[in-house]
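Participant: One structure, pasted below without further comment.
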Amino acid sequence: MTNSPIGSTLNRVDGPDKVTGAARYAGDESPTGLVHGHLVLATIGNGTIRSMDTGAARDHTGVLEIYTPDNPLPLHGVPPGVAFYFSETRRPLSDHEVRYHGQIVGLVIAETPEQARDAAALITVDYERRPANASFRDNVDDAVVPEPTPLPMGLPITILADGVPSIDAALAASPVTVTATYTHPARHHNALEPHAAVATWDGDRLTIHSTTQAPAAHAIELAQAFAVPADHVHVVNPHVGGGFGGKAFTWGPTYLAAAAARRLGRPVKVVPTREQLHTTTGHRSAAHQTVTLGSSADGTLNAIRHLSVTQAIGEDPGTRLTMKAYATENLHVSLRVTTGLNVPTTTILRAPGEETGSFAIECAMDELAIELGLDPIELRTRNHLTHTLSPDPATRLPYSNKHLIECYRLGARRFGWDTRNPAPRSTLATGGWLVGTGMAGAVLNASRAFTAVRVSFRPDGTAAVATSTADLGTGMRTVLAIMGTDSLGIPVDRIRPLIGDSRLPVGPDAVYGAQGSAATATVAPVVRDAAADAVEELINHAVTEPRSPLHGRDGVRYTAGDLTDGATTIGFGDLLTTTGGTDVGATTTSGPVTPPSYAFASHAAHFCEVRVHRLTGEIRVSRMTTVVDAGTIVNEKTARNQIVGGVVWGIGPALFESAHVEPDTGRIANANFADYLVPVNADVPDVDVVFLDHPDTNFSPLGARGLGELGTVGSAAAVANAVHHATGIRVRDLPITPEKLLTTPTGQA
Amino acid sequence: MRPFTYASASTVEEALAGAGADSAYLAGGTTLVDLMKLEVMSPAAVLNIDTLPLRDIRHDHTGLHVGALARMSDVAAHRLVTARYPVISQALLHSASPQLRNMASIGGNVLQRTRCGYFRDPATACNKRTPGSGCAAITGYNRAHAVLGTSESCVATHPSDLAVALVALDASVLLRDRAGERAVRLADFYLLPGDTPHLENRLRPGELLAGVTVPPLSWARRSTYVKVRDRRPYEFALTSVAAAVDLRGDTIADVRLAAGGVGTKPWRLPAVEDALRSRPLRADTVKAAVTHAADDATPLSHNGFKPELLRRTIVRALLTLAGRP
Ligand SMILES: Cc1cc2nc3c(=O)[nH]c(=O)nc-3n(C[C@H](O)[C@H](O)[C@H](O)COP(=O)(O)OP(=O)(O)OC[C@H]3O[C@@H](n4cnc5c(N)ncnc54)[C@H](O)[C@@H]3O)c2cc1C
Ligand code: SF4
């Protein structure tokens, strides 16, 4: 029997393919007859296209066709399901209106990508220009309560203790209050792999190699746009080079690639440039949050008011984070959204709502701790949330297996928190660097979705574990391999994980991909069930197949790849070779956790040390410790990788990331990797990650909750709190850049 | 990218003979190819000079001589440079990324074009790219732009870090055309934008930058380059300062200072140098000397912090040389 590799540090099973370049991504496909599309984008922020001069482009060598609003491609309906809320509802090229700078206004098809690009540069557009309204900040005051949607987001929620008339009254009655406004700029996913699509039609059947987080959902969205049955669309995405929510839904470039391929009767590839990705594939809304905390003198929270303004219901900090953060008798969260901005479409981005919300709440807690003269960990411990917050006390649920306080304690010990001098600007290291430390907590709702997994045995002695999800670099393939080994008792190298294909098994009424940090939690437990069902099928096969050496036997058992009745033993590979069986197994479907008598969430505590130059204000993160409570850890190596990645995704917004949207034009002034700064290796210290590993068996028999986005929650606040401790300067407007720290006279240390 | 012809030269004479009015020399290509893809530069002919034997790095009684085609990485690591002119080595090591430095040449570095985002986007107005079209940066996003030497036509910085160090050291560039060779002080080589921002330097059409000469300066051994930016590596300067001091005891006998990230060309700081000479190298004297470092600055909407950051960067560079940053 092979030992279960759950919790081990197994290397990624697809590591060698990725390192050697053998892994094929969507854009690597070049079917025979392939032609290439290059997008043309609007260069104004608001207006109407009067005319487009495509003459010179048409004459360019190799150009086959140019699609514009005057020569559009048919795309039907609007995106179905949640895609309606989180992607662009208007079909590209469907009218002459320009709603934002960088909107798609044309697609040039040519024999080579260079010809398409060079021809696209020859197109001129005559616009009737209107002033663009592109400043999020200028629209904050006019934001409105969003229209109700089937999604549980955006609506104001008020919880009041008995006899308390309003949240304002609760705050007014609090002996200590802090209130502050925190702002985030718009930000971009910037996955390393661009949204590439290679579309081939055969009659009314589409095969599309397309980088997506959810192949089955992608197929449904494409089928809708082309008015074909969903099973006529075959999405193939074996490898995905980062998604972060940006590849959860289908975007204009992909629709156009498929539409052009259908029209031309030839395979079409479209790969947007880095700059084009910034405006055509979604981004995270800017955010404006005002948090007021009211507490007693001993630090017990009495009231939390969290008023958020964003551009999108998906970016709802109050509902997604604050409701799950700290205990309080009185709470009010609300979201208002800006409307009519001339900026590109927003969508979900890693920990939507939680990331923005955690910055506001975790900084506000730091501010309150300072106001109270209390240690930030002590303040958090005093307000530990044990049950969910809900306007109806009867619906409050206890958190299952929550070990956040242990995260604080263990983190504090590893990080050396206890020796910290709480006074800001108290430590100066050699070279003129002020040293500061800060911490923050993190919470991420844990969920499981419907899914289906097929486990099957093959004559070559391998077993396939198949499900229609994606590996975004998260390690899903490795998780499937580990779960297959755990369930079937055969070595990892005999497991064949199959993912990244819309034809693989999907759940009954949800087409689940890799999103919401729930892929492992969703898929992993079902592998066990599917494996058990597959073993049953295999035994049945062994005793019913006439050519089987176990034909007609009683008491046949399966252990570690072998079938035996005590007298005769045969490996399943040999068995299937003998019987001629090719793929014997079972497809098993799961449901979500029902009925919940607990609330489920993963938690973490972040500790951060920064150095800020006393003269010039550069900020360098020098140490980071993150302690994670996410239940069973299926593979420590990929889990650590996810947490470190998440922490990097906190350092990014804290110090670097920002789309510089020009208020008057809506143009993003830094839509490239030289100017849109993300942390590079030298900006990231070695992150010390610890997993508590308390299995949450209320959640699933396996006990693994999700963690993909958890590192991103709270980590920016830990950085900002450390910057405050280093400098005494509280920066609430992200990113924290050197000029925001130049507020002391020259040279004062 | 527009179509172009391509040829490779194996001698300087061949290069000069092949150059025409609408041609561009290709060295490492890290600026040129980039800008050709963006259709900011669209030469009809590209002439590869990377093959020319202009890669020497040597030192004699007339100073340090670096061939135009020496790699940034080779110069940064050269022991003559690290020992005698640490400011040059540091300026190079704070530039770009290791991959780029392995590819990029010294001549190309000095001749690189501005990183102004509007210059690089042909859909916007830019007097430097298209004379007379306007300057989108003045009303646009201009945090990285210049505050010194600007005009109503252009506010772009010169992006080279190396050039800041070279200007501090009073270096010259050697220019060669069919008529012969001439040396021009780098400080005079670069032009202020005025109302002709498309004219950036004194290089004549077809002229080749053959090398750089840094005059002897024994006390440049005590020199440093401080570059301030958001991200630790791989970003152009918000501000930078190249500094060298001739220290006698703790008195500044002589000093060289030049700044980057703030000027439309590498910005020598003679007034601050004057205020420092014969003074002790101490925090108070340094702070007093920088008070007027940026008096001529004209900040834009997003870079109002640059004058103060410049003063602080100078202080930091000098205190670094005093061993007390
Ligand atoms: C992402 C990125 C980040 C960067 N960061 C920095 C940075 O932090 N600091 C910094 O200083 N630089 C930075 N650079 C710029 C880089 O240093 C320059 O691109 C490089 O030095 C140019 O050298 P090259 O040999 O590649 O020049 P090329 O691209 O080959 O040429 C540049 C220009 O000079 C002309 N030319 C080249 N050699 C000669 C010659 N001998 N005679 C006449 N004309 C010539 C070319 O025709 C062209 O116009 C960065 C570049 C990139 C792409
Ligand atoms: S600052 Fe200079 S380079 Fe930039 S847009 Fe204006 S004119 Fe062009």
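Participant: What is the residue count in the stretch A:111-133 for residues that are buried (at least 24 other Cβ atoms within 10 Å of the Cβ) and either closer than 15 Å to B:Arg2 by Cβ or touching a Lys or Arg at 6+ places or on another chain (Cβ under 6 Å) (or both)?
Facilitator: Going residue by residue through the stretch A:111-133, those that are buried (at least 24 other Cβ atoms within 10 Å of the Cβ) are A:116, A:119, A:132.
Keeping just the survivors that are either closer than 15 Å to B:Arg2 by Cβ or touching a Lys or Arg at 6+ places or on another chain (Cβ under 6 Å) (or both) gives A:116, A:119.
Count: 2.
Participant: Within the stretch B:20-60, how many residues turn out to be out of contact with any Asp or Glu (no Cβ under 8 Å at 6 or more places or on another chain), more than 18 Å from B:Gly211 (Cα to Cα), away from ligand 2 (no atom under 16 Å from the Cβ) and not in a strand (DSSP E or B)?
Facilitator: 9
Participant: Also, quick follow-up: Within the stretch B:111-137, track down each residue that is outside any loop (DSSP other than H, G, I, E, B), more than 12 Å from chain A (Cβ to nearest Cβ) and more than 8 Å from ligand 1 (Cβ to nearest atom).
Facilitator: Pass one, the stretch B:111-137, residues outside any loop (DSSP other than H, G, I, E, B): B:111, B:126, B:135-137.
Okay, now just the ones that are also more than 12 Å from chain A (Cβ to nearest Cβ), so B:111, B:126, B:135.
Residues satisfying the conditions are B:Cys126, B:Cys135.
Participant: Looking at the stretch B:16-41 only, could you name the residues that are within 12 Å of ligand 1 (Cβ to nearest atom) and either within 14 Å of chain A (Cβ to nearest Cβ) or hydroxyl-bearing (Ser, Thr, Tyr) (or both)?
Facilitator: Scanning the stretch B:16-41 gives B:Ser23, B:Tyr25, B:Thr30, B:Thr31, B:Val33, B:Asp34, B:Leu35, B:Met36, B:Lys37, B:Leu38, B:Val40, B:Met41.
Participant: Still on this model: Name the residue that is nearest to A:Gly652 (Cα to Cα), counting only residues in the stretch B:253-271 that are surrounded by fewer than 24 Cβ atoms within 10 Å (Cβ to Cβ) and among the hydrophobic types (A, V, I, L, M, F, W, C).
Facilitator: Just the residues of the stretch B:253-271 that are surrounded by fewer than 24 Cβ atoms within 10 Å (Cβ to Cβ), to begin with: B:253-254, B:256, B:268, B:270-271.
Checking which are among the hydrophobic types (A, V, I, L, M, F, W, C) leaves us with B:253, B:271.
Values: B:Ala253: 44, B:Ala271: 39 Å.
Filtering the stretch B:253-271 for residues that are surrounded by fewer than 24 Cβ atoms within 10 Å (Cβ to Cβ) and among the hydrophobic types (A, V, I, L, M, F, W, C), the one nearest to A:Gly652 (Cα to Cα) comes out as B:Ala271.
Participant: Among the residues of the stretch B:49-66, write down those that are within 16 Å of ligand 1 (Cβ to nearest atom) and of a type in the set (Lys, Arg).
Facilitator: B:Arg55
Participant: Next question. With the condition being closer than 17 Å to A:Gly282 by Cα, I'd like the helices (runs of 4 or more DSSP H) fully within the stretch A:79-169 carrying at least 2 qualifying residues. Full working, then the answer.
Facilitator: Working: elements: A:83-86, A:113-120, A:136-139.
In the stretch A:79-169, A:83-86 are the helices (runs of 4 or more DSSP H) which contain 2 or more residues that are closer than 17 Å to A:Gly282 by Cα.
Participant: While we're here: For B:Gly323, which of the numbered conditions (1) of a type in the set (Gly, Ala, Ser); (2) modelled with pLDDT under 95; (3) over 19 Å from A:Thr430 (Cα atoms) fails to hold?
Facilitator: (3)
Participant: Would you say B:Val212 is surrounded by fewer than 19 Cβ atoms within 10 Å (Cβ to Cβ) and within 14 Å of ligand 1 (Cβ to nearest atom)?
Facilitator: Details: surrounded by fewer than 19 Cβ atoms within 10 Å (Cβ to Cβ): no; within 14 Å of ligand 1 (Cβ to nearest atom): yes.
Considered against the rule, which asks whether it is surrounded by fewer than 19 Cβ atoms within 10 Å (Cβ to Cβ) and within 14 Å of ligand 1 (Cβ to nearest atom), B:Val212 comes out as no.
Participant: Do we have B:Ala7 as more than 16 Å from ligand 2 (Cβ to nearest atom) and either modelled with pLDDT of 95 or more or charged (D, E, K, R) (or both) here? Lay out the reasoning, then the answer.
Facilitator: Working: more than 16 Å from ligand 2 (Cβ to nearest atom): yes; either modelled with pLDDT of 95 or more or charged (D, E, K, R) (or both): yes.
When the stated conditions are applied, B:Ala7 passes them.
Participant: Then there's this: Answer yes or no as to whether A:Ile633 is in a helix (DSSP H, G or I) and aliphatic (A, V, I, L, M).
Facilitator: Numbers: in a helix (DSSP H, G or I): no; aliphatic (A, V, I, L, M): yes.
Here the answer is no, as A:Ile633 does not meet what is asked.
Table: residues versus (1) assigned to a strand (DSSP E or B); (2) modelled with pLDDT of 90 or more; (3) within 14 Å of another protein chain (Cβ to nearest Cβ); (4) over 19 Å from A:Ile6 (Cβ atoms).
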{"position": "A:His694", "(1), (2), (3), (4)": "no, yes, no, no"}
{"position": "A:Thr697", "(1), (2), (3), (4)": "no, yes, no, no"}
{"position": "A:Ser700", "(1), (2), (3), (4)": "no, no, no, no"}
{"position": "A:Ala716", "(1), (2), (3), (4)": "no, yes, no, yes"}
{"position": "A:Val719", "(1), (2), (3), (4)": "no, yes, yes, yes"}
{"position": "A:Val723", "(1), (2), (3), (4)": "no, yes, yes, yes"}
{"position": "A:Ala726", "(1), (2), (3), (4)": "no, yes, no, yes"}
{"position": "A:Gly747", "(1), (2), (3), (4)": "no, no, yes, yes"}
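Participant: For B:Leu69, work out the one condition from (1) more than 8 Å from ligand 1 (Cβ to nearest atom); (2) more than 14 Å from chain A (Cβ to nearest Cβ); (3) part of a loop (DSSP other than H, G, I, E, B) it doesn't fulfil.
Facilitator: (1)
Participant: Restricting to the stretch A:320-339, give me the number of residues that are in a strand (DSSP E or B) and within 15 Å of A:Leu389 (Cα to Cα). Lay out the reasoning, then the answer.
Facilitator: First, the residues of the stretch A:320-339 that are in a strand (DSSP E or B): A:330-337.
Checking the rest, the ones that are also within 15 Å of A:Leu389 (Cα to Cα) come to A:330-334.
Residues flagged as in a strand (DSSP E or B) and within 15 Å of A:Leu389 (Cα to Cα) within the stretch A:320-339 amount to 5.
Participant: Looking at B:Thr320, B:Thr291, B:Thr285, which one is within 12 Å of chain A (Cβ to nearest Cβ) and under 14 Å from B:Ala243 (Cα atoms)?
Facilitator: On the way: B:Thr291 fails: under 14 Å from B:Ala243 (Cα atoms); B:Thr285 fails: under 14 Å from B:Ala243 (Cα atoms).
The unique qualifying residue is B:Thr320.
Participant: Looking only at the stretch A:79-109, which residues are over 21 Å from B:Pro122 (Cβ atoms), within 27 Å of the chain's Cα centre (by Cα) and touching a residue at least 24 places away in the same chain (Cβ under 8 Å)? Spell out the reasoning first.
Facilitator: Residues of the stretch A:79-109 over 21 Å from B:Pro122 (Cβ atoms): A:79-97, A:99, A:109.
Applying the additional criterion that residues be within 27 Å of the chain's Cα centre (by Cα) yields A:79-92, A:99.
Hits for the stretch A:79-109 are A:Pro79, A:Pro80, A:Gly81, A:Val82, A:Ala83, A:Tyr85, A:Phe86, A:Ser87, A:Glu88, A:Arg91, A:Pro92, A:Arg99.
Participant: Which residue is nearest to B:Cys116 (Cα to Cα), if the candidates are limited to the stretch A:666-692 and must be of a type in the set (Asp, Glu) and in a loop (DSSP other than H, G, I, E, B)? Walk me through it before giving the result.
Facilitator: Of all residues in the stretch A:666-692, those of a type in the set (Asp, Glu) come to A:675, A:683, A:686, A:688.
Now restrict to residues that are in a loop (DSSP other than H, G, I, E, B): A:675, A:686.
Details: A:Asp675: 10, A:Asp686: 34 Å.
In this case the residue turns out to be A:Asp675.
Participant: Filter the stretch B:141-178 down to residues that are of a type outside the set (A, V, I, L, M) and not in a loop (DSSP other than H, G, I, E, B) and give me whichever is nearest to ligand 1 (Cβ to nearest atom).
Facilitator: We begin by selecting, within the stretch B:141-178, every residue of a type outside the set (A, V, I, L, M); these are B:141-143, B:145, B:149-154, B:157-161, B:170, B:172, B:176-178.
Next cut, not in a loop (DSSP other than H, G, I, E, B) only: B:161, B:172, B:176-177.
Details: B:Asp161: 4, B:Ser172: 15, B:Arg176: 9, B:Asp177: 10 Å.
This residue is B:Asp161.
Participant: Now a separate question. Considering the stretch B:194-204 alone, what residues qualify as being in a loop (DSSP other than H, G, I, E, B), within 19 Å of B:Ile106 (Cα to Cα) and not aliphatic (A, V, I, L, M)? Spell out how you get there, then give the answer.
Facilitator: Here is the first cut: in the stretch B:194-204, the ones in a loop (DSSP other than H, G, I, E, B) are B:194-200, B:202-204.
If we keep only those that are within 19 Å of B:Ile106 (Cα to Cα) too, we end up with B:200, B:202-204.
Passing the criteria: B:Glu200, B:Arg202, B:Arg204.
Participant: For B:Pro98, which of the numbered conditions (1) more than 14 Å from every other protein chain (Cβ to nearest Cβ); (2) within 16 Å of ligand 1 (Cβ to nearest atom) fails to hold?
Facilitator: That leaves (1) as the condition not met.
Participant: Exactly one of these conditions fails for A:Asn635: (1) out of contact with any strand residue (DSSP E or B) (no Cβ under 6 Å at 6 or more places or on another chain); (2) closer than 21 Å to A:Ala286 by Cα. Give me its number.
Facilitator: Among (1) out of contact with any strand residue (DSSP E or B) (no Cβ under 6 Å at 6 or more places or on another chain); (2) closer than 21 Å to A:Ala286 by Cα, the lone unmet condition for A:Asn635 is (2).
Participant: May I pose another question? Is it the case, given these coordinates, that A:Gly37 is small (Gly, Ala, Ser), surrounded by 15 or more Cβ atoms within 10 Å (Cβ to Cβ), within 29 Å of A:Gly473 (Cα to Cα) and at pLDDT below 95?
Facilitator: Working: small (Gly, Ala, Ser): yes; surrounded by 15 or more Cβ atoms within 10 Å (Cβ to Cβ): yes; within 29 Å of A:Gly473 (Cα to Cα): yes; at pLDDT below 95: no.
Answer is no for this residue.
Participant: Can you find, within the stretch B:139-159, the residue that is nearest to ligand 2 (Cβ to nearest atom) among those that are of a type in the set (Val, Ile, Thr) and away from every other protein chain (no Cβ under 12 Å)?
Facilitator: In the first step, residues of the stretch B:139-159 are kept if they are of a type in the set (Val, Ile, Thr); the result is B:139, B:147, B:150, B:155, B:157.
Pick out the ones that are also away from every other protein chain (no Cβ under 12 Å) and you get B:147, B:150, B:155, B:157.
Numbers: B:Val147: 12, B:Thr150: 8, B:Val155: 4, B:Thr157: 9 Å.
Once the filter is applied, the top-ranked residue is B:Val155.
Participant: Test A:Glu147 against the stated conditions and say whether it is more than 14 Å from chain B (Cβ to nearest Cβ), under 30 Å from A:Asp59 (Cβ atoms) and acidic (Asp, Glu).
Facilitator: Values: more than 14 Å from chain B (Cβ to nearest Cβ): yes; under 30 Å from A:Asp59 (Cβ atoms): no; acidic (Asp, Glu): yes.
The answer is no for A:Glu147.
Participant: Starting from residues that are within 14 Å of chain A (Cβ to nearest Cβ) and part of a loop (DSSP other than H, G, I, E, B), keep the ones in the stretch B:294-306 and report whichever is surrounded by the fewest Cβ atoms within 10 Å (Cβ to Cβ). Give the steps one after another, and end with the answer.
Facilitator: First, pick out the residues of the stretch B:294-306 that are within 14 Å of chain A (Cβ to nearest Cβ): B:294, B:299-306.
Pick out the ones that are also part of a loop (DSSP other than H, G, I, E, B) and you get B:294, B:299-305.
Values: B:Ala294: 25, B:Pro299: 19, B:Leu300: 19, B:Ser301: 12, B:His302: 17, B:Asn303: 25, B:Gly304: 14, B:Phe305: 21.
Only one residue fits best here, namely B:Ser301.
Participant: Is it the case that the stretch A:646-655 has a residue that's outside any helix (DSSP H, G or I), more than 14 Å from chain B (Cβ to nearest Cβ) and small (Gly, Ala, Ser)? Quick ask: steps written out before the conclusion?
Facilitator: Keep residues of the stretch A:646-655 that are outside any helix (DSSP H, G or I), which gives none.
No, because not a single residue in the stretch A:646-655 is outside any helix (DSSP H, G or I), more than 14 Å from chain B (Cβ to nearest Cβ) and small (Gly, Ala, Ser).
Participant: Restricting attention to the stretch A:606-621, report how many residues are within 14 Å of chain B (Cβ to nearest Cβ), out of contact with any Cys (no Cβ under 9 Å at 6 or more places or on another chain) and part of a strand (DSSP E or B). Break it down into steps so the answer makes sense when it comes.
Facilitator: Applying the first criterion (within 14 Å of chain B (Cβ to nearest Cβ)) to the stretch A:606-621 yields A:610-621.
With the extra rule that they be out of contact with any Cys (no Cβ under 9 Å at 6 or more places or on another chain), the set shrinks to A:610-620.
Keeping just the survivors that are part of a strand (DSSP E or B) gives A:610-613, A:619-620.
Number of matching residues: 6.
Participant: Can you tell me which of (1) away from ligand 2 (no atom under 11 Å from the Cβ); (2) over 28 Å from A:Leu742 (Cα atoms); (3) within 14 Å of another protein chain (Cβ to nearest Cβ) is the one B:Trp219 doesn't meet?
Facilitator: (3)
Participant: Kindly list the number of the only condition in (1) within 15 Å of ligand 1 (Cβ to nearest atom); (2) part of a loop (DSSP other than H, G, I, E, B) that fails for B:Val184.
Facilitator: Every listed condition holds for B:Val184 apart from (2).
The values are calculated or read from the model by the stated rules, or taken from the named source; none is laboratory data. Predicted, not measured: the structure shown is a model, and the values here were computed from it. In this analysis, Cβ positions are derived from the backbone assuming ideal geometry, glycine residues included, and neighbour counts consider all displayed protein chains.
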